[in-house]
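Input: a single structure, listed below in structure tokens.
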Amino acid sequence: MMIETVNSKALVIEYFTEKFNRVRNRSMQLCTPLQVEDFVVQPVVDVSPPKWHLGHTTWFFENFILVPNAKNYPLYDKDFSYLFNSYYESVGERVLRHNRGFVTRPGVEEVMRYREHVDRHMCSYLSEVGEMPSELAEVMELGLQHEQQHQELLVYDIKAILGNNPLFPAYLPFEDLLIPNGRPLSNRLVEIPEGVYEIGHEDNENFAFDNEVGVHKTYLHAYALMDRLVTNGEYLEFMEDGGYQDFRYWLSEGWGWVNEQSATAPGYWHKQGQDWYCYQLKGGLRKVDLSAPITHINYYEADAYATWKGKRLPTEQEWEVAAKHGLCNTLKQANMAEKGNFGPIAARDGNSQLFGDVWEWTGSAYLAYPRFKVAEGALGEYNGKFMINQMVLRGGSCATPKDHIRLTYRNFFHPHLKWLFAGIRLAESL
């Protein structure tokens, strides 16, 4: 895992102090609209209570930075490692994921005190350390990137908690969304010629997760990618054409999922009379915006829609190459966390929606790159052990912090999951 290069010891500490305070404050800002009852709910196994996110990200800094490095650090509570460890087998026992909602105690106030305790000691440590070894700097950067990942998960989970409430309470009141100027994009295919291309993270001066590292060559046949994301209106056509009732469009496992779940629509969609409504974090239950990108669909649904259209999902290699050589990949207009929209918005000229709005399902299984090596110790459990039965997504979403995404970022989820902001970009072979 690589870290941004800073020229002097003083600047290293200044960089980490500023980023630590900024990232930690952002997590608290995301929780500001919540009521105390919202912090402890776990409607499904994939959702973690907001209180757990705040405790877990705090435990990361306590366990991997303060305990092994800060002299005379007073451990806040020995039981918190059991409560807030996520999946680190080498660290010790933990509360299983599906039981996190049962942890009503410690209460929210106690978790806040825990967070304040660790933050205070982290700031003291950073002010006194003087010099930070490169190995520790990498762990520090990983901890900050890790918390940004949890900030995105926190948005997903808050939406699941409030969106499953029978009254559909709004997380924030509705206001005009921050939509860039310009005309809506047409449905244009961007062609990429066949050839041998390089894939992977190659900038040794900037952070990347270990699953991105290892520049390697890949051969691609000629193909084309859509210059924008699939919209709600386009997906609704699939639904109205009997897409959820026709097995021909579905992978066998996906068709099994449709029947087991009695699936008929994307997540958070509800039909009232002749109209479809969707739960939104801003404003609660609102009429579906047909021009906005479809989201909260799983891999099975994305693949079925592509099949219905006579196209397919791009591979992650095709996505990355198109981002480098064909599609507009600027972050300037990207609808990401900093915009505060908390949902995808319609495309406009000059923005291919390559970054932000929704993560884009690819047709690629999550596997190791050539020469991938699992790191020693607990942090080696971060990515490698999950390289099984998951699909890669690219591009970030409306809940992703802008300084957390990059062109080589490889997200991954199981194909049945749909509570994340995930959608579709179509591809076709030429």
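Brief remarks on what is shown
- Failed condition for Glu428, given (1) in a loop (DSSP other than H, G, I, E, B); (2) open to solvent by 20 Å² or more (accessible area, probe 1.4 Å); (3) at pLDDT 95 or above; (4) over 26 Å from Ile158 (Cα atoms): (1)
- Every test in (1) open to solvent by less than 50 Å² (accessible area, probe 1.4 Å); (2) modelled with pLDDT of 95 or more is passed by Arg120 save one, and that test is (1).
- Residues that are assigned to a loop (DSSP other than H, G, I, E, B) and at pLDDT 95 or above within the stretch 79-100 comprise just one, Asp79.
- Residue match in the stretch 104-115 (condition: closer than 25 Å to His404 by Cβ, buried (at least 19 other Cβ atoms within 10 Å of the Cβ) and not hydrophobic (A, V, I, L, M, F, W, C)): yes
- Taken together, Ala334, Ala323, Ala368, Ala346 contain a single residue that is within 21 Å of Gln145 (Cβ to Cβ) and open to solvent by 10 Å² or more (accessible area, probe 1.4 Å), which is Ala368.
- Unique residue being over 22 Å from Leu136 (Cα atoms) and either open to solvent by 50 Å² or more (accessible area, probe 1.4 Å) or among the hydroxyl-bearing types (Ser, Thr, Tyr) (or both) when the list is Glu89, Glu93, Glu18: Glu93
- Selection from the stretch 389-405 of residues that are open to solvent by 20 Å² or more (accessible area, probe 1.4 Å) and farther than 19 Å from Ala368 by Cβ: Lys402, Asp403
- Pair list, Cβ < 6 Å and 6+ apart or interchain, from the stretch 335-346 residues that are within 16 Å of Ile405 (Cα to Cα) to residues that are among the small types (Gly, Ala, Ser) and not in a loop (DSSP other than H, G, I, E, B): Asn335/Gly356; Met336/Gly356
- Complete set of residues in the stretch 228-238 that are open to solvent by 10 Å² or more (accessible area, probe 1.4 Å) and farther than 17 Å from Gly310 by Cβ: Arg228, Thr231, Asn232, Gly233, Leu236
- Of the criteria (1) assigned to a loop (DSSP other than H, G, I, E, B); (2) more than 18 Å from Pro50 (Cα to Cα); (3) without any contact (Cβ under 8 Å) to a residue 60 or more places away in the chain; (4) of a type in the set (D, E, K, R), which one Glu135 fails: (1)
- Only one of Val67, Val95, Val91 that is of a type in the set (Val, Ile, Thr) and over 26 Å from the mean Cα position of the chain (by Cα): Val67
- For the stretch 108-127, the criterion of being out of contact with any Ser or Thr (no Cβ under 6 Å at 6 or more places or on another chain) and assigned to a loop (DSSP other than H, G, I, E, B) is met by none of the residues.
- Restricting Val258, Val196, Val215 to residues that are of a type in the set (A, V, I, L, M, F, W, C) and loosely packed, with under 12 Cβ neighbours inside 10 Å narrows the list to Val196.
The values are calculated or read from the model by the stated rules, or taken from the named source; none is laboratory data. From a predicted model like this one, the values you see are computed outputs, not experimental measurements. Using ideal geometry, Cβ is built from the backbone for each residue, glycine included, and neighbour counts are taken over all protein chains shown. The accessibility values were calculated without ligands, DNA or RNA, using every heavy atom of the protein model including side chains. Shrake-Rupley method; radii C 1.70, N 1.55, O 1.52, S 1.80 Å.
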